[in-house]
Structures are given as C-alpha cells and as structure tokens.
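The values are calculated or read from the model by the stated rules, or taken from the named source; none is laboratory data. These numbers come from a predicted model, not from an experiment. Here the Cβ positions follow ideal geometry from the backbone for every residue, glycine too, while neighbour counts run over all protein chains shown. Note: accessible area is taken over every heavy atom of the protein model, side chains too, but ligands, DNA and RNA are not part of it. Shrake-Rupley method; radii C 1.70, N 1.55, O 1.52, S 1.80 Å.
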Amino acid sequence: MPEMTYRDALNLALKEEMRRDPSVVTWGEDVALYEGSFKVTRGLLAEFGEERVKDTPISENTIVGVAIGAAMGGLRPVAELMTVNFALLAMDQLVNHMAKISSMFGGQVHLPMVVRTPGGGGSQLAAQHSQSLETYFMHCPGIRVAVPATPADAKGLLKSAIRDNNPVVFLEHELLYNSKGEVPEDPEFLVPLGRAEVKRPGSDVTIVAYSRMTVLALQAAAELEKEQISCEVVDLRTLSPLDDATFIASVQKTGRAVVVEECWRTAGLGAEIAFRIHAGCFDTLRAPVQRVSGLDVPMPYSRKLERLCIPQVETIAAAVRELLSKKY
Amino acid sequence: MESTLRAILPDAALLKMYEQMVLSREFEEACAEQYTKGHITGFLHLYSGQEAVAVGATTALHRDDYILSAYREHAQAIIRGAEPRRVMAELFGKATGICKGKGGSMHLFDPALSFMGGYAIVGGQLPIAAGVAFAAKFRREERIAACFFGDGAVNQGTFHEALNWARLWELPVLYVCENNFYGIGTEVHRASALADIHKRTCGYDIPSARVDGMDVLAVFEQVKWAAEWVREQSRPYLVEAMTYRFRGHSMADPGKYRSAAEVELWKARDPIPNFARRLLAEGIASEAELAAILEKARATVAEAVKYAEESPWPEDDEVWKDIYV
C-alpha cells in the first residue's frame, strides 16, 4: 500500500469518484484555478474541466443552496466551504433546507450531496478561524457527519459520502492535511459511514476520539504503555450515525472510558457519548466516564494560550492516569 | 378593450386559465373555512387575490420547467397539476397528503410535476432554484427553473447571492417576484431602499420587467417572453408582478396595517371577475359557462375536503421514515 498524506488521499477520492461517475461535480471558493486553499482539489480542474470543477463567489449559503438544487436536479455535488467557520454563514441552507428536504417532502426526493469543510484549531488563527463545530451538525437530524482521522479513512469515507444518497457534512482537520499513512489503491476501497474502528486494542481503559483527537489519543496510548497502562482507542470516524455498538463493547471490556473532544465542553459531543456509555455500560463501568475537551473560550491567538484550549497528548494521558488512580 | 383575447390564446386555453383561477380561489377560501373549524392548523398563508400571477406564469412555462415557490404556494402546486384533494389532505396532516402529511401548507412538493417545493424560510428557495437550473443546464435539458418569491425576500442575502451567481454561471432561471406590497405587516417601501424591485437587478446585469399581476394575460405574455428568453440565452431574468393579497399574511394576521380603502381599491381589481368580464365581452364564454366553471370548482374543492376529512392519519412509525435512505 502506498503512503500518502491525508490531503492527497482526499484528492484521490475526489478524482476516483469523478472518474467513476460523471454526475459528480465540485465547487467552492478557490477550488478550481487556485486548486483549493488547502490544495485538496489540486489537479481537478485540469482533469475534469470547468463545467465540473467550479470556482464560486464568496457566498457560502448559496454554495450549499446551489448544491441542494443540483442534487435535486440529478447531480452529485461536492461543495467545499473553505473552512467550517464559514459554514455558519450557510447554516440556513445546511440546517433549514439540506437537512429537512427529504423528510418534509415526504421522502419524494433525497439529496446525494457532500459538503466538505476543514476545521479545528492549532494553527494560531485566533477566534474566528479555529473552531470545532462538529456538535452543531451532529445535533441536527437529516445530516450525516464524517470526521476522518487517517489518510485511509479520509479516502474511504469521502468516497462513501459521495456515493451516499443522503447529505453528508464531511469535516476535515486542517492540522491533519500533511499527516501520512498507508492508503489502499483499490478504487473500490470504501469506509462505510457509521462504523467506528478500534484503532488500538487495550484492556485498562477505552479512549473514544475522532478526527485529530484520535491521532493524539494514539500518541497518549503509546506514552501510557511505557507505564504499563493499556489503552484501547476507538476512533468514531462518523458522528452521525454514531456507532454506539463499537464503543460500548469496548467500554464493557475495559470498564473505563475517557472521551476526547476538540469542541467546546459545554453541550459538546463528549457529553452525548459519555451518556451513551453510562446507559450502555452501567453494570460494567468501574469509574465515571471522563471527558477531555476544548476549553469553553473563544480561541486566543497566542501560541501558549491556544495550546491550553485544545486537548493535548499530555492532557489525555493525564486524564487516563487520574481515572486509573482513583478508587471508586 | 386593449387587445382581443383570441389573439393571445385559443378559447380553450383562456377558459382553462379562468378555471384555474377560480379553482385556486375556491380552494383557498375553503382552506380558510377549514382553518376556522380547526381541521387545518399551523401557519396558513392564502393566495386569494394573487391568482393571476400563478396562473399566467404557469401557463407560460413548459410542462417540465421546474417551479419552486415559498410558503404561499397552494395555487402554484394545484395549477401545475397537483391533485386538490391530496393538497387538502396535506393541509389536514393526513397520510394521503402530497408529502404524507409531513410538510403541511408551507412544504408542498411533487417531483413528477417538476414542482420542487414550497420553502418557508424567506428567500431560501432562490439559491436552490439556481441549483436545479444548473443541473438542467449541465444535463443538457431544455428546461428552466421558475422561482416564485415575495417582495420580502429581496432583502435577504440569498436574493443578492443567487442573482449574482445565476448571472455569473449563466443559469436558466426565471425569478418571479410577487410584489404584494407587504412583508407580513411591513410595507415594501419601509423595508426596501429601492421599492421598485425589478430595478434592483441592474447590479447583477440581469434584465427585468414589471407587469400588472392582477391581469392574467399580461402576466402570461410577459412570462412567456421572459421564459423563452431565459431558455434561449441560458441567462437569468426577473419579472416583478404587482399584485395584492386580499387576506392577511396568514390566518393569524387580521391585516390591520392596511386601510379598508386600500383593500377595496385592490378588490375592485380582482383578477377573476375582471377576466370573466373580458371573456363575456369577447363572446368566449357565456354567463352559464362561467357559472358552470364555478360549480365545478366548488365540487372539486368539496370533494377535496371530504377526502381530507376521511383520510387516515399517518401511522406512528412514519415519524422515523424518509429522513435518510
């Protein structure tokens, strides 16, 4: 299997699906001539032409709205929002329209569309460019939400999202674009939506994570192994549908869980997952579920302060140690 | 009389337009009655007074042209061909409704009729219409998208984003603004810096026209011309139809912000009796024929109400269906 970056894996997924299906089209701000502000759409204009790969005005709500109409009209649009922060300008089309259309029209139409958007913090981009808004989308019925952590999952999940007949919000992490990993070459390699994966087996504690937090959780698990602490790392991979079965089975085995979320703690997705673990594992839990979360503050610019606001390998490891040290 | 009707359309087509306007009016007035009885609940925005716009415009479009509308869309759906009884059942929230009772008054939809929905967020349908127009163009289809919206929608960002985009991408979309002078209770000049809505398209290099929305044939001729221009040029166009709703914004609105004199002035311009007078004057229909049309419409609407009343409620498990496939 060749090794490639998360960015190139996404790019390959787009190319493979556009080659396979002529109804797949893509547009967004700077995706064509400029080849994407994060270069995920590199080479697409050259290969597929300007009818299928289109630059748009800076009009996020309409980027999504036009994709909705195009999906209704028989295409499979993949719309890019330059960052998830700008998705807030598109929330009307995302939440009031895209998420509702199938249901409110009695199932007479479905929207086979993907909205790709990078997000997350850690690049000192300050409060308006560092947000982790995954909970917003996960909260809304009618939207599938994908959050790949590895290049292989990035490719397999994006291909599944494009082939899926439901609207999918596909959340990429800006700090993962350069991360490398092995990626299957098979153009039929798909990672199903709604299936979590045990990325590392272990016996003492389950760490439930997603996107970049999975990568940090795996590093924390490697550190803790030196202290004879065995961590099982469950990567959610998609947030909607949420694969309860995989993380519940893991926590039933280990008896302990730490949920790691990059988003704000208050009403964050970690609360939902912790609740589901409590409900599904009450009889086997040996300790209350712990959460490691982003701080409930607008992201500061200063490197030192920013680091405090985002879960780090050491904060995850500390949470695991604390959980294991307490007697219940 | 300005021009003979027969020079515009054959008798059968003229009578069909009259029938559709009458059916629309009867349907809406029956809705008001059913709302008062509590059979229709939620928001109910009626179209009475604006019939000439939907009928004139829809007649001018091709059968497979897309239509998108807002939340005052019963007439657009029925005139396009939706069965009145299934629309009424939708308003009753019954399983036999056009959207299985899940959409209600504001969300009628029928892809078999290329009727792509009623949308209840002001201006929300404008970008979606651009999207279906893009799909039609991409697939080398001949059809265009016609998008209806009110005067309130032109102050939403979607109006500006969608018009800019439609011109930039050269999309075959016909925007039809139904200017009934009020966004809920706020008169158009109190909400729009430029109340002449058709003039607002110059910023996007989109041609436009204003038409008397109380005259069904004027709307027909204007939209016919505009729709064929859109089809041939593959470019957007905007028609502003000046019209008036005889009732409040919704059934919850008594409309006290309008003077009785103003309402009476517009009711004197009611598109239905005015068109009837022209049909009679030109000998296209007799009094008896027009009365028969009214009777037929009333029977259709009565049957629709009966069907809706007798239809079953949706099963409980429907609540989980149709969200995903």
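Looking at the range B:167-194, which of the residues that are more than 17 Å from the chain's Cα centre (by Cα) and surrounded by 24 or more Cβ atoms within 10 Å (Cβ to Cβ) is nearest to the other protein chains (Cβ to nearest Cβ)? Here the answer is B:Leu171. Counting only strands (runs of 3 or more DSSP E) wholly contained in the range A:1-114, the ones carrying 1 or more residues that are within 30 Å of B:Gly97 (Cα to Cα) and not acidic (Asp, Glu) occupy A:76-80.
Scanning the range A:115-130 for residues that are surrounded by fewer than 21 Cβ atoms within 10 Å (Cβ to Cβ) and either within 11 Å of another protein chain (Cβ to nearest Cβ) or in contact with a helix residue (DSSP H, G or I) (Cβ under 7 Å, 6 or more places away or on another chain) (or both) yields a count of 5. When we screen B:Ile197, B:Ile128 for residues that are in contact with a strand residue (DSSP E or B) (Cβ under 7 Å, 6 or more places away or on another chain), within 8 Å of chain A (Cβ to nearest Cβ) and of a type in the set (Val, Ile, Thr), the only hit is B:Ile128. Here B:Ser48 fits the description: of a type in the set (Ser, Thr, Tyr), touching a Lys or Arg at 6+ places or on another chain (Cβ under 7 Å) and open to solvent by less than 10 Å² (accessible area, probe 1.4 Å). Here B:Val53 clears all of (1) touching a strand residue (DSSP E or B) at 6+ places or on another chain (Cβ under 7 Å); (2) among the hydrophobic types (A, V, I, L, M, F, W, C); (3) more than 11 Å from chain A (Cβ to nearest Cβ); (4) open to solvent by 10 Å² or more (accessible area, probe 1.4 Å) except the condition numbered (4). Of the strands (runs of 3 or more DSSP E) entirely within the range A:131-205, those holding at least 2 residues that are surrounded by 20 or more Cβ atoms within 10 Å (Cβ to Cβ) occupy A:144-146, A:168-173.
For (1) out of contact with any Leu (no Cβ under 9 Å at 6 or more places or on another chain); (2) under 18 Å from A:Val205 (Cβ atoms), each residue gets a yes or a no:
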position: A:Ala271; (1), (2): yes, no
position: A:Gly280; (1), (2): yes, yes
position: A:Ala287; (1), (2): no, yes
position: A:Arg291; (1), (2): yes, yes
position: A:Pro300; (1), (2): no, no
position: A:Leu305; (1), (2): yes, no
position: A:Cys309; (1), (2): no, no
position: A:Ala318; (1), (2): yes, yes
position: A:Glu322; (1), (2): yes, yes
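When you look at B:Val230, is it open to solvent by less than 30 Å² (accessible area, probe 1.4 Å), of a type in the set (Val, Ile, Thr), out of contact with any helix residue (DSSP H, G or I) (no Cβ under 8 Å at 6 or more places or on another chain) and within 15 Å of B:Pro172 (Cα to Cα), yes or no? Spelling it out, B:Val230 is indeed open to solvent by less than 30 Å² (accessible area, probe 1.4 Å), of a type in the set (Val, Ile, Thr), out of contact with any helix residue (DSSP H, G or I) (no Cβ under 8 Å at 6 or more places or on another chain) and within 15 Å of B:Pro172 (Cα to Cα). In the range B:278-321, of all residues being open to solvent by 60 Å² or more (accessible area, probe 1.4 Å), over 26 Å from the mean Cα position of the chain (by Cα) and among the charged types (D, E, K, R), the one that is nearest to B:Glu28 (Cα to Cα) corresponds to B:Glu310. In the range A:275-293, the qualifying residues are those that are charged (D, E, K, R) and touching a helix residue (DSSP H, G or I) at 6+ places or on another chain (Cβ under 7 Å), and the one that is surrounded by the fewest Cβ atoms within 10 Å (Cβ to Cβ) is A:Arg276. Taking the criterion of being within 28 Å of A:Gly121 (Cα to Cα), in contact with a Gly (Cβ under 9 Å, 6 or more places away or on another chain) and open to solvent by 10 Å² or more (accessible area, probe 1.4 Å), the residues of the range A:233-264 that qualify are A:Arg237, A:Ser240, A:Pro241, A:Leu242, A:Asp243, A:Asp244, A:Glu262, A:Trp264. Number of residues in the range B:131-150 that are more than 8 Å from every other protein chain (Cβ to nearest Cβ) and assigned to a helix (DSSP H, G or I): the value is 1. For the range A:71-95, taking the residues that are at the interface with chain B (Cβ under 7 Å from one of its Cβ atoms) and more than 16 Å from A:Ala161 (Cβ to Cβ), the one that is surrounded by the fewest Cβ atoms within 10 Å (Cβ to Cβ) is identified as A:Gly74. Within the option set B:Ala162, B:Ala153, being outside any loop (DSSP other than H, G, I, E, B), among the aliphatic types (A, V, I, L, M), within 10 Å of another protein chain (Cβ to nearest Cβ) and closer than 19 Å to B:Gln76 by Cβ holds for one residue only, B:Ala162. Taken across the range A:47-69, residues that are away from chain B (no Cβ under 14 Å) and under 22 Å from the mean Cα position of the chain (by Cα) do not occur at all. Within the range B:296-310, the presence of a residue that is part of a loop (DSSP other than H, G, I, E, B) and closer than 12 Å to B:Arg85 by Cα is excluded.
Across the range B:105-125, the number of residues qualifying as facing another protein chain (nearest Cβ under 8 Å) and either at positive phi or assigned to a strand (DSSP E or B) (or both) comes to 3. In the list B:Asn164, B:Asn155, which residue meets the criterion of being over 22 Å from the mean Cα position of the chain (by Cα) and surrounded by fewer than 22 Cβ atoms within 10 Å (Cβ to Cβ)? Result of the check over B:Asn164, B:Asn155: B:Asn164. Quick check on A:Thr56: is it of a type in the set (Val, Ile, Thr) and within 24 Å of A:Ser130 (Cβ to Cβ)? The answer is yes for A:Thr56.
The residue that is nearest to the other protein chains (Cβ to nearest Cβ), counting only those in the range A:102-114 that are touching a residue at least 40 places away in the same chain (Cβ under 8 Å) and closer than 13 Å to A:Ala70 by Cα, is A:His110. Checking each residue in the range A:206-232 for being free of Cβ contacts under 8 Å to residues at least 24 places away in the same chain, open to solvent by less than 40 Å² (accessible area, probe 1.4 Å) and not hydrophobic (A, V, I, L, M, F, W, C) picks out no residue at all.
Just checking, does the range B:208-222 include any residue being in contact (Cβ under 8 Å) with a residue 12 or more places away in the chain, open to solvent by less than 10 Å² (accessible area, probe 1.4 Å), under 20 Å from B:Ala166 (Cα atoms) and outside any strand (DSSP E or B)? Scanning the range B:208-222, I find no residue that is in contact (Cβ under 8 Å) with a residue 12 or more places away in the chain, open to solvent by less than 10 Å² (accessible area, probe 1.4 Å), under 20 Å from B:Ala166 (Cα atoms) and outside any strand (DSSP E or B), so the answer is no. The residue list B:Ala75, B:Ala70, B:Ala82 contains one member that is away from chain A (no Cβ under 11 Å), more than 9 Å from the chain's Cα centre (by Cα), modelled with pLDDT of 95 or more and within 22 Å of B:Met21 (Cα to Cα), which is B:Ala82.
If you check B:Ala95 against the conditions, is it closer than 14 Å to A:Ala70 by Cα, touching a Pro at 6+ places or on another chain (Cβ under 7 Å) and either facing another protein chain (nearest Cβ under 7 Å) or assigned to a loop (DSSP other than H, G, I, E, B) (or both)? No, not satisfied.
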